[in-house]
Structures are given as structure tokens and as C-alpha cells.
Amino acid sequence: MGEVLTAPGSRVPHHGPVTRDCPVECLLTVLSFHSFNPLTRAYDAPFDEPRTVGDVIDLHAGDQLGEIRGVGPHRVSEIEAALARLDLTRHSHQPAGQARGTQ
């Protein structure tokens, strides 16, 4: 099994619902190492490494995930499926299960 390379300055994932504000490491439970490692390092990408789940959602919404070396169509599909499983889709701009206008 591959070594997990967490994002620089990373935090240990919390236990609870995954939201946009969660550290990117919260995706460890739903992504393979083969997707997680290049995603969190943003290899050769023209943008900074994603620090939060929201950053990943925004990259997905902007069709930028494929700009990361090592994240091809198969990995993009895996990341899309993970976000969908967590109820965090490309159109999600709020935590899963939270109604608009509430906190």
C-alpha cells in the first residue's frame, strides 16, 4: 500500500460530517491514495495545493482537477464520486445538509 503524503501543514481529520471547511485530509476516508496524494500536492498544477474540502470542490467546479499531474480522467471520476458520496457536489456552496440561509 502507498504512503500517505498529507498536505503541508496538515491537520489530523476530525470526526464528524465532512463540510467545505474541513481540511483536505478528511477526504482520506473516501479517496484512494493514488488520487489523494497527487490531489493534495497539486503536482505541476498552475494553482496552490488544496487545503480544504471546499478548495477541492472549487477545483472540480472549475474543471481544474485534470490539470494536476497524476489526476487523469479515472482519478477525476473517483474524486467526483467521493464528493457525491459526501453530498458535496460541484454546485455545493454550503455544508452538506445545511439549508440556505441557516448556520
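The values are calculated or read from the model by the stated rules, or taken from the named source; none is laboratory data. For clarity, every value in this text was computed on a predicted model and none was experimentally measured. Note that each Cβ is placed from the backbone with ideal geometry, even for glycine, and that neighbours are counted across all protein chains shown.
Annotation note: of ARG20, ARG90, the sole residue that is modelled with pLDDT of 80 or more and assigned to a loop (DSSP other than H, G, I, E, B) is ARG20. For segment 36-58, name all the residues that are crowded, with 22+ Cβ neighbours inside 10 Å and either among the aromatic types (Phe, Trp, Tyr) or closer than 20 Å to THR89 by Cβ (or both). PHE36, LEU39, PRO50, VAL53, VAL56, listed by residue number. Considering each residue of segment 74-81 in turn, at least one proves to be at pLDDT 95 or above, charged (D, E, K, R) and either touching an Asp or Glu at 6+ places or on another chain (Cβ under 6 Å) or surrounded by 20 or more Cβ atoms within 10 Å (Cβ to Cβ) (or both).
Count of segment 23-46 residues, restricted to those that are acidic (Asp, Glu), under 19 Å from ALA84 (Cα atoms) and part of a loop (DSSP other than H, G, I, E, B), is 0.
Mind listing whichever residues of segment 49-87 are in contact with a helix residue (DSSP H, G or I) (Cβ under 6 Å, 6 or more places away or on another chain), part of a helix (DSSP H, G or I) and not hydrophobic (A, V, I, L, M, F, W, C)? Selection gives GLY66, ARG75, GLU78.
Scanning segment 30-66 for residues that are within 13 Å of ILE79 (Cβ to Cβ), out of contact with any Pro (no Cβ under 9 Å at 6 or more places or on another chain) and acidic (Asp, Glu) turns up ASP55, ASP63. Search segment 21-48 for residues that are farther than 15 Å from GLY70 by Cβ and pair each with any residue that is of a type in the set (S, T, N, Q) and part of a helix (DSSP H, G or I) when their beta-carbon atoms are under 8 Å apart and the residues are at least 6 apart or on different chains. The qualifying pairs are VAL24/THR40; GLU25/THR40.
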